[in-house]
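To start, the structure under review is shown below, and the notes come after it.
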Amino acid sequence: MLALSGVLAALLSDWFVDALDPAVEALGISKAFTGLVIVAIAGNAVENVVAVSLAWKGNNDLAISVVKNSVSQIACFLFPVLVLASLAFTHRLTFVVDPVYLGALALTAIALWQITGDGRAVLFEGLALVSLYVVLATLVWFE
């Protein structure tokens, strides 16, 4: 069932990106912004809704855990698996990342570590993380 769900999710993601391409080209939005902002928000919508609803109910530790574990699963498991799986295809993925994205990743990791390290959730800290995301999205928009 898990494998079937994974295949269906991959097909749905492919359909979503194909459906998004005409709008992206018509609006003049870059592929980097589309992938790092639009697709990322749509892809993590379930985790975001769960985290917000958990935080609303006062389960702040669990809300933070849901978001952090979702991101760490992608970074530690999915990204390397996709790079290795791409060896079977003509277009190969690599671990090479532009320096601006590497800096953004490092800045985000440090901010997330500092803000969530004490285990408490404060509105100001959440707004700081959202603001950091808006700054990074703006950077990608103009790059």
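Worth a mention:
- Note on segment 1-56: among residues that are part of a helix (DSSP H, G or I), within 30 Å of Arg120 (Cβ to Cβ) and touching a residue at least 24 places away in the same chain (Cβ under 8 Å), the one that is farthest from the chain's Cα centre (by Cα) is Ala55.
- Evaluating Val83 against the criteria (1) in a helix (DSSP H, G or I); (2) under 22 Å from Ala32 (Cβ atoms); (3) modelled with pLDDT under 85 leaves one unmet condition, (3).
- Scan of segment 67-96 for residues that are among the hydrophobic types (A, V, I, L, M, F, W, C) and either under 17 Å from Thr108 (Cα atoms) or in contact (Cβ under 8 Å) with a residue 40 or more places away in the chain (or both), ordered by number: Val67, Val71, Ile74, Ala75, Cys76
- Among residues of segment 116-140 that are farther than 19 Å from Tyr101 by Cα, those with a Cβ under 7 angstrom from a residue that is among the acidic types (Asp, Glu), sequence gap 6+ or separate chain, pair up as Gly119/Asp61.
- Taking the criterion of being within 16 Å of the chain's Cα centre (by Cα) and more than 26 Å from Leu54 (Cβ to Cβ), the residues of segment 82-106 that qualify are Leu82, Val97, Tyr101, Leu102, Gly103, Ala104, Ala106.
- Only a single criterion out of (1) loosely packed, with under 14 Cβ neighbours inside 10 Å; (2) farther than 25 Å from Ser13 by Cβ is not satisfied by Val96, namely (2).
- Residue within segment 95-104 that is farther than 25 Å from Val46 by Cα, at pLDDT 85 or above, of a type in the set (Phe, Trp, Tyr) and not in a helix (DSSP H, G or I) present: no
- Thr116 being modelled with pLDDT of 85 or more and surrounded by 10 or more Cβ atoms within 10 Å (Cβ to Cβ): no
The values are calculated or read from the model by the stated rules, or taken from the named source; none is laboratory data. Predicted model only: the values in this text are computed from it and were never measured. No Cβ is skipped: glycine too gets one built from the backbone with ideal geometry, and neighbour counts run over all protein chains shown.
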